[in-house]
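Read-outs throughout are calculated quantities, based only on the coordinates presented, and are distinct from any laboratory measurement. Here the structure is a predicted model, which means the values were calculated and not measured. Note that we place each Cβ from the backbone using ideal geometry, even for glycine, and neighbour counts take in every protein chain shown.
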Amino acid sequence: MIVFFIPLILFVISNYLIRKLIPFLKEKSLVDYPSERSNHQILVPKGAGIVIIPLFIFSILGIFVSQDFFDKQWFIFLISTVILFIVSLIDDFKNLSAPIRLLVHVITVAISIFVLKEDIYKFIDNNILEFIDFNRLFIFYFFSFALTLIWVWIINLFNFMDGMDGLTCTQVLFLAFTTNILYLLGYMNENFQFLSLILISLFLAFYSFNKPSAQIFLGDVGSIPVGYIAGLVLIYNFLNGGPIVPLLIISMYYLSDSTLTLIIRIIKKKNIFEAHSDHFYQKILRTGQTHRQVLNKITILLFFLFIFSMISVKYPFVSLISAIFFTLGFLIFLHKHYQDE
């Protein structure tokens, strides 16, 4: 009953609340103003996360407690989501400085990594110390530091990419759907099935308002916590022997666009902390392509990545390499199209 009725109820509630939220955000002037780096020519409200994230938190809390999934780890994960939600909400209204935002991201992720310490030690014992004879404690701290950086990066890349109609929504839906399929195939824990169903119901409702032409965006209040949740799915399953390759493949476009954009900006000696419009999807939008046209192209890529992710269950290496080249080819196509224009 939970699997069928809770997502349906969440879909109806979130659809209703987002519809009511849009005029409120316009009244409070919480909108994305057109600028040189903007992807829009009109004012678009931002702040759908005000509805989506609390619904996600209460749904996870209610279902996990009723199903006896709730433990210390998930308590910390939810508390971290709440903290990111509150700070990002303040940022949307008051524009906090980048160092303060980044500090909060690092602290919440560091706390989350700390409650995963037993999982990290097991991973080190089973996958690293077998091949490298080195100080176990040093490897733990080095590995934890690396995971913290990766998780913080995932949080922020979701924030960076939430600038095109339907883009973040589509990526989350593909990640959640893939997670659900992997559970049904027996590769993931049941708690991730419920998490994925909640995300699917919330973001299907959101998509009706976020698809081209978007009526509303997530805002920092939505994109930052969602990035944390995506990082949790990836890192938790990586540490616990879950299907990390399929999850990486379905996230390949988001990871590649943001990471390559960062590398290119570093090579060109640009300020990496400065707001910009250098992402591949932004470049092709500037050629005159509509948001719907670009989203259709990216959705086709995500369909292929989903196929690769399913194949990777049996053939992980070949599928991962194929997905990497397929995604890079897609980005090169976007870049070449931009240059030709």
Handout entry: Inter-label distance, nm, simple model (7 Å from Cα along the C-beta direction), Lys26/Ala146
Key = 5.0
Practice task
Might you report the magnitude of the Cβ-based charge dipole of the range 2-245 about its Cα centre, with Lys and Arg at +1 and Asp and Glu at -1, to the nearest 20 debye?
Solution key: 580
Completion exercise
FRET efficiency (Glu190, Asp133; Cβ distance; R0 45 Å; to 0.05) is 0.75
Practice task
Have a look at Phe142, Val51, Ile267 and report the one farthest towards the positive end of the charge dipole of the chain, computed about the Cα centre with Cβ charges (Lys/Arg +1, Asp/Glu -1).
Solution key: Ile267
Practice task
Would you work out which of Ser258, His279, Leu305 lies farthest towards the positive end of the dipole of the range 255-306? Charges go on Cβ: Lys and Arg +1, Asp and Glu -1.
Solution key: His279
Practice task
Tell me which residues come under 5 Å, amide H to amide H, from Val31 once H is placed; ignore anything under 5 positions away on its chain.
Solution key: Lys46
Completion exercise
In this structure, the FRET efficiency calculated for Leu328 and Arg292 from their beta-carbon separation, with R0 = 25 Å, to the nearest 0.05, is 0.55
Practice task
Report the local net charge at Thr327: Lys and Arg +1, Asp and Glu -1, summed over other residues whose C-beta lies under 13 Å from its C-beta.
Solution key: 0
Completion exercise
Taking 0.36 nm per residue of separation between Ile111 and Ile86 and subtracting their Cα-Cα distance, the length gained on full extension comes to 7.3 nm
Practice task
Enumerate the helices in the chain for which the Kyte-Doolittle hydropathy averages -0.5 or more and the C-alpha atoms extend at least 18 Å along the helix's axis, using complete DSSP H runs.
Solution key: 2-27, 49-66, 72-94, 98-115, 136-161, 167-184, 190-210, 220-239, 252-267, 291-311, 316-340
Practice task
Any chance you could list P(r) for the range 193-234, counting all Cα-Cα pairs in 5 angstrom bins from zero, rounded to whole %?
Solution key: 6, 21, 24, 28, 15, 5, 0
Problem - Candidates Phe131, Phe160, Phe58: whichever shows maximal mean-square fluctuation once the chain is modelled as a Gaussian network with Cα springs under 10 Å - result: Phe131
Handout entry: Fluctuation leader among Leu302, Leu185, Leu167 - the chain, Gaussian network, Cα springs under 10 angstrom
Key = Leu185
Practice task
Sum -39500 (n - 2.57) across every DSSP H segment of at least 4 residues in the chain, then divide by the residue count to get the 222 nm mean residue ellipticity, nearest 500.
Solution key: -25500 deg cm²/dmol
Problem - Under the Debye formula (equal points on every Cα, no solvent term), log10 I(q)/I(0) of the range 144-251 at q = 0.12, 0.25 Å⁻¹ - result: -0.39, -1.41
